[in-house]
Amino acid sequence: MAGCMFSAPKFRLIDLAKPFLAFVPEIELPYDNLPFDDKIVFTLTTALIYLFGQFPLAAIAKGSVSVKDPIFFLRGVFAAEPRTLLEFGIFPPIATALILQLLAGFKLIKVNFSQRKDRELFQTLIKIVSIATYAVLANIFIASGYYGEDLSLVAKLLINAQLIGAGFFVTLLIEVIDKGHGFASGAMAIVAISLSTGLVDDLFGIQQIPIDQDGNKEPRGAIINLIQGFRAKHKTLLGAIVNAFQRDYLPNLTTGLLVVVLGGVVCYLQNVRNELSIKSTKVRGMVNVYPIRLLYTGGLSILFSYCVLFYVHILGFVVIQLIGGNKEGSIINTLMGGYESTEFFYLARFPLSLLTPPTSFFALLQQPLTLFTFTAFLIITGVWFATNWQEISGSSSRDVAKQFKEQGVTLAHHREESKDLIKIIPVASATGAAALAVLVAAGELLGLKGKGAGIAVAISSAFAILEVVTVDFQQNGGQSSIAQMLGGRPA
Amino acid sequence: MAKKNPQFEKLVETPLEFVKEGNQFLQKCKKPSKQEYLKIIQAVGIGFVAVGVIGYIIKLIHIPIRYLIV
Amino acid sequence: MESSVPGGQRTLQKRRNAQLQKDKKANQTPASARQAGFGGSSSNILKLYTDEANGLRVDPLVVLFLAVAFVFSVVALHVVAKVSGKIF
């Protein structure tokens, strides 16, 4: 209570969380630093439980509904699956955390991070706002008719309970990893594992899915489909190969290969770095390198761009579908363009199409402006974010310079080290964010429907987590039986 | 020169300077060698597929449940 | 995955020690707000939760089990819907 007395009488946003502090569930911190193996198991289990949540919603209308998925190209990044419990994936926690942390960094929200009480309030605020976001999104989708035109009140309540309940558990799952039971960040671990599962499913998925009225079935995985296509009775050999590369109703090899190539390029970018040679001021002759990565803010810039994109498209969906009913010729549709309905998706027309990546490369030819607007959008938001994030996330040039001082190291060839660092870090973050944005835009404009952005975020998240895992392994992985099982080599 | 709108000038110059600085930075950067890169790709690939397969097993559990109830 | 069973002398001792350490950590004020990071994130890692608020504390294992139970409750809902033959 002492904290309250010292805080200024002025209203602060984080004080909104105060009444919730007592009953919002809070994961316990681990008793002490958990063994390496436990952390691995916790990280994996938590993410797998998340995957288990990709279960179809109950109480929604069966069969096809006239309102289709308007955010299909945003799902990959947020590990969201349509019409399942994870309809919105981990978008609400990620968006809330990124935005609130940015606002706090800009001092637009007053939080005194040196006070424990304030830190607690801040993270409780993130949790409450995330769950509230789940609730708002759920009701937007229910009211739009996405789950069925005339749902009974009971059905609406049940869908609400399922989506908000799932959202509640997702925030807690993230918290389990974040709090130190797992490695690094829950949100990033979930994205990485969910995306890798999706990739395996798209390439090697063995589930047979009926594709036409004659009862012919094709496997989900593109590679399996190619192999199986050689033996299928309803296809010729050449037809099977063409089909494997071109089918649009299930994952095809072209997109699969594109995603893999994109992942490879992200791996390359991840390892481009500027190595500053540093020397100790205490021990003579000790020279080391301090790498400044090109992707200084990793995949976070893409995450941020996609958060903004998500808000824009949800807003568009609310105006066009909820308020306007997506009626041809109405004022709203004339102004906002409305949606074109396909079998699965709602395709936005001009002007919303400017920020909608096309579903295929050929669709891009019908909306050529998107090429510029979408790319520019990703670059501008990404660079803006990266420039600001490096500044506020405790890793700006000043912080690094201070860290150097504390550890007694200086740059080997430069006298004015902080000046040099001040130049390098912001340039690195901005350039890296721009490079990643161009890469993602290229992939998305070729029609990857969110998988391109997804793989970029997943790979960079995997690298960020791997870094933490490696450090932990070197410190206390000595008795790790998992490492021994894998042949004792850290990845 | 002097008659030009300074705001407009800034609008053109900022991206140009950004590209220039970025290029300079990139040239100073150390890129992974081919060998190093192949090793990374291999490690990431194996890791991704391994984790993906584990995740896919969870997804496989869904299939019979879905079949029974939907 | 080994979790400590509540109760027992050793666990109590462990818990007390952990609490002591936790308190120590909590009372350490970082040198600057910047150093604390705005919410625990770093340059390329997005963290949401780092501190333990004095709320309703739950064990992580309990949450994992409850999460699975939640999904199964939705499965049960499907079954009820199918058996009763209506979609609510």
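The values are calculated or read from the model by the stated rules, or taken from the named source; none is laboratory data. Keep in mind the model is a prediction, meaning the values are calculated, not measured. Cβ sites come from the backbone with ideal geometry, for glycine too, and all protein chains shown count toward neighbours.
Which numbered condition trips up A:A184, out of (1) of a type in the set (G, A, S); (2) assigned to a helix (DSSP H, G or I); (3) at the interface with another protein chain (Cβ under 7 Å from one of its Cβ atoms); (4) out of contact with any Pro (no Cβ under 8 Å at 6 or more places or on another chain)?
(2)
Looking only at the stretch A:73-100, how many residues end up being out of contact with any Ser or Thr (no Cβ under 9 Å at 6 or more places or on another chain) and assigned to a helix (DSSP H, G or I)?
Residues meeting the conditions: 3.
With B:G45, B:G55 as the choices, which residue is farther than 30 Å from C:V79 by Cα and modelled with pLDDT of 85 or more?
Result: B:G45 is the single residue among B:G45, B:G55 that is farther than 30 Å from C:V79 by Cα and modelled with pLDDT of 85 or more.
Out of curiosity, is B:I58 assigned to a helix (DSSP H, G or I), in contact with a helix residue (DSSP H, G or I) (Cβ under 8 Å, 6 or more places away or on another chain), within 9 Å of another protein chain (Cβ to nearest Cβ) and closer than 30 Å to C:K82 by Cβ?
On the way: assigned to a helix (DSSP H, G or I): yes; in contact with a helix residue (DSSP H, G or I) (Cβ under 8 Å, 6 or more places away or on another chain): yes; within 9 Å of another protein chain (Cβ to nearest Cβ): yes; closer than 30 Å to C:K82 by Cβ: yes.
Here the answer is yes, as B:I58 does meet what is asked.
Of all the helices (runs of 4 or more DSSP H) wholly in the stretch A:304-403, which have at least 2 residues that are of a type in the set (G, A, S)?
Details: elements: A:331-336, A:361-366, A:369-392.
Output list reads A:369-392.
Restricting attention to the stretch A:230-257, report how many residues are over 14 Å from A:L448 (Cα atoms) and under 34 Å from the mean Cα position of the chain (by Cα).
Qualifying residue count, the stretch A:230-257: 4.
If I filter the stretch B:2-21 down to residues being aliphatic (A, V, I, L, M) and closer than 26 Å to A:S429 by Cβ, which single residue comes out as nearest to the other protein chains (Cβ to nearest Cβ)?
Residue satisfying both the conditions and the ranking: B:V19.
So which residues in the stretch A:438-478 are touching a Ser or Thr at 6+ places or on another chain (Cβ under 7 Å) and of a type in the set (G, A, S), if there are any at all?
Answer for the stretch A:438-478, where residues must be touching a Ser or Thr at 6+ places or on another chain (Cβ under 7 Å) and of a type in the set (G, A, S): A:A441, A:G447, A:A458.
Of C:A33, C:A67, C:A81, which residue is at pLDDT 90 or above and crowded, with 16+ Cβ neighbours inside 10 Å? Spell out how you get there, then give the answer.
Values: C:A33 fails: at pLDDT 90 or above; C:A81 fails: at pLDDT 90 or above.
Going through C:A33, C:A67, C:A81 in turn, just one is at pLDDT 90 or above and crowded, with 16+ Cβ neighbours inside 10 Å: C:A67.
Between A:G205, A:G215, which is surrounded by fewer than 19 Cβ atoms within 10 Å (Cβ to Cβ), out of contact with any helix residue (DSSP H, G or I) (no Cβ under 6 Å at 6 or more places or on another chain) and of a type outside the set (S, T, N, Q)?
After applying the criteria, what remains is A:G215.
Six or more apart or on different chains, Cβ atoms under 8 Å: show the pairs whose first residue is in the stretch A:321-336 and not assigned by the TED database to the domain that holds A:Y146 and whose second is in a helix (DSSP H, G or I) and among the polar types (S, T, N, Q).
Pairs found: A:Q321/A:S144; A:L322/A:S144; A:G324/A:N333; A:N326/A:N333; A:K327/A:N333.
With respect to the numbered conditions (1) crowded, with 19+ Cβ neighbours inside 10 Å; (2) small (G, A, S); (3) within 7 Å of another protein chain (Cβ to nearest Cβ), which one is the sole condition not fulfilled by A:S114?
Failing condition for A:S114: (1).
Hey, B:Y67 hits all of (1) closer than 23 Å to A:I209 by Cα; (2) more than 8 Å from chain A (Cβ to nearest Cβ); (3) under 24 Å from the mean Cα position of the chain (by Cα) but one; which does it fall short on?
Just one mismatch for B:Y67, condition (3).
If you go through the stretch B:22-36, how many residues are under 22 Å from A:A434 (Cα atoms) and either facing chain A (nearest Cβ under 7 Å) or not in a helix (DSSP H, G or I) (or both)?
Going through the stretch B:22-36 one residue at a time, the tally reaches 8.
Residue under question is A:A80, and the condition is that it be crowded, with 18+ Cβ neighbours inside 10 Å, closer than 16 Å to A:M188 by Cα and without any contact (Cβ under 8 Å) to a residue 40 or more places away in the chain; does it hold?
The answer is yes for A:A80.
Report, by residue number, each residue of the stretch A:145-164 that is part of a helix (DSSP H, G or I) and surrounded by 19 or more Cβ atoms within 10 Å (Cβ to Cβ).
A:A155, A:L158, A:I159, A:Q162, A:L163
Which residues, counting only those in the stretch C:59-78, are of a type in the set (G, A, S) and either more than 7 Å from chain A (Cβ to nearest Cβ) or farther than 16 Å from B:I61 by Cβ (or both)? Spell out the reasoning first.
Kept after step one, since they are of a type in the set (G, A, S), are these residues of the stretch C:59-78: C:67, C:69, C:73, C:76.
C:A69, C:S73, C:A76 - these are the residues of the stretch C:59-78 that are of a type in the set (G, A, S) and either more than 7 Å from chain A (Cβ to nearest Cβ) or farther than 16 Å from B:I61 by Cβ (or both).
Report yes if C:I87 is more than 16 Å from the chain's Cα centre (by Cα), surrounded by 12 or more Cβ atoms within 10 Å (Cβ to Cβ), among the β-branched types (V, I, T) and modelled with pLDDT under 65, otherwise no.
When the stated conditions are applied, C:I87 passes them.
Give just the number: which of (1) closer than 20 Å to A:S353 by Cα; (2) free of Cβ contacts under 8 Å to residues at least 60 places away in the same chain does A:I302 not satisfy?
Against the list (1) closer than 20 Å to A:S353 by Cα; (2) free of Cβ contacts under 8 Å to residues at least 60 places away in the same chain, A:I302 comes up short only on (2).
Give A:L103, A:L51 a once-over and let me know the one that is outside any loop (DSSP other than H, G, I, E, B), facing another protein chain (nearest Cβ under 10 Å), surrounded by fewer than 22 Cβ atoms within 10 Å (Cβ to Cβ) and of a type in the set (A, V, I, L, M).
Just a single option satisfies the conditions, and that option is A:L103.
Is the stretch A:110-122 home to any residue that is in a helix (DSSP H, G or I) and among the β-branched types (V, I, T)?
no
If I ask for residues that are on the phi > 0 side of the Ramachandran plot and either away from chain C (no Cβ under 14 Å) or touching a residue at least 12 places away in the same chain (Cβ under 8 Å) (or both), which ones from the stretch A:54-77 would you list?
Hit for the stretch A:54-77 is A:A59, nothing else.
If only one of A:L125, A:L121 is crowded, with 22+ Cβ neighbours inside 10 Å, over 23 Å from A:L303 (Cα atoms) and not small (G, A, S), which one is it?
A:L121
Would you mind telling me which numbered condition in (1) closer than 25 Å to A:M188 by Cβ; (2) within 11 Å of chain C (Cβ to nearest Cβ) A:L137 fails?
All conditions are met except number (2).
Between B:P64, B:P32, which is loosely packed, with under 14 Cβ neighbours inside 10 Å and either in contact with a helix residue (DSSP H, G or I) (Cβ under 7 Å, 6 or more places away or on another chain) or modelled with pLDDT under 90 (or both)? Let's see the steps before the verdict.
Details: B:P32 fails: loosely packed, with under 14 Cβ neighbours inside 10 Å.
Matching residue, one of B:P64, B:P32: B:P64.
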